[in-house]
Amino acid sequence: MERGTLCRMKGGAFFNHQTWRNGHNQVRYVPRAEVPALRKAIAGYRCLLLLTQQYADLIVQRSRTARSAQQPKSSRPPTRHTIN
């Protein structure tokens, strides 16, 4: 699994793998032979991010449902009876 993006460099012998780490852009040069494995690793990381987001959305929905089930049902306010 890898973070970042992969870009072809001029000349075609290497690709540029860019990642953001500790507030800085890090760049490493990747030989063409390693590109398929790196693309798969980057796709795996993106899949992890997607699955994590979906899981968080599910937990938020469950939490909201549980909280609304615990709250008492609101009833109509009592009517005032006037004495004549």
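The values are calculated or read from the model by the stated rules, or taken from the named source; none is laboratory data. Bear in mind the structure is a predicted one, so any value in this text is a computation, not a measurement. When we count neighbours, we look across all protein chains shown, and the Cβ atoms used for this are built from the backbone with ideal geometry, even at glycine.
Residues that are outside any strand (DSSP E or B), without any contact (Cβ under 8 Å) to a residue 24 or more places away in the chain and surrounded by 11 or more Cβ atoms within 10 Å (Cβ to Cβ) within region 1-27 comprise just one, 9. Take the conditions closer than 30 Å to residue 8 by Cβ, modelled with pLDDT of 95 or more and assigned to a strand (DSSP E or B) and apply them to residue 30. Does it pass? The answer is yes for residue 30.
Residues that are over 19 Å from residue 1 (Cβ atoms) and either surrounded by 11 or more Cβ atoms within 10 Å (Cβ to Cβ) or of a type in the set (Ser, Thr, Tyr) (or both) were ranked within region 28-50; the one that is farthest from the chain's Cα centre (by Cα) is 32.
Within region 2-19, count every residue that is modelled with pLDDT under 95 and under 22 Å from the mean Cα position of the chain (by Cα). Selection size over region 2-19: 0. Only one of the listed residues (63, 68) is surrounded by 10 or more Cβ atoms within 10 Å (Cβ to Cβ) and either modelled with pLDDT under 95 or among the hydroxyl-bearing types (Ser, Thr, Tyr) (or both). That residue is 63.
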